[in-house]
Amino acid sequence: MQEYLFTLALTHDQCMHYYQGTVQFVQVMSDNGKRIRFPAARLRPFISSIGIRGRFRLILSENNQFQSLEKIL
């Protein structure tokens, strides 16, 4: 299992591209400096009227398969 922490701040307009499926992947920089790419659809549960703001924990399997994404702050 691999765990990555990162901060994400997107406006509502930016989120709509992810929500509508026009953008299929999100790329973030983890706290340890690694770039991580995952399906944008995984962000849908976190979209609010202001967009997405917060700290997140992404967990991948040993084979780099998505396991979970949770908001931690």
Pairs where the first residue, in segment 3-26, is part of a loop (DSSP other than H, G, I, E, B) and the second is not aromatic (Phe, Trp, Tyr), C-beta under 7 Å, 6+ apart: THR11/GLY51; VAL23/HIS17; VAL23/ALA40; GLN24/PRO39; GLN24/ALA40
The lone exception for GLY33 - which of (1) more than 12 Å from the chain's Cα centre (by Cα); (2) assigned to a helix (DSSP H, G or I) it fails: (2)
When residues of segment 6-56 are limited to those that are under 17 Å from GLN67 (Cα atoms) and of a type in the set (Gly, Ala, Ser), the one most open to solvent (accessible area, probe 1.4 Å): ALA41
Single residue of GLU70, GLU62 found to be among the charged types (D, E, K, R), open to solvent by 100 Å² or more (accessible area, probe 1.4 Å) and either touching a residue at least 60 places away in the same chain (Cβ under 8 Å) or part of a strand (DSSP E or B) (or both): GLU62
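The values are calculated or read from the model by the stated rules, or taken from the named source; none is laboratory data. Remember, it's a predicted structure, so these values are computed and weren't measured experimentally. Counting neighbours? That spans all protein chains shown, and the Cβs are built from the backbone with ideal geometry, glycine included. Just so you know, the surface numbers come from the protein's heavy atoms only, side chains and all, with ligands and any DNA or RNA stripped out. Shrake-Rupley method; radii C 1.70, N 1.55, O 1.52, S 1.80 Å.
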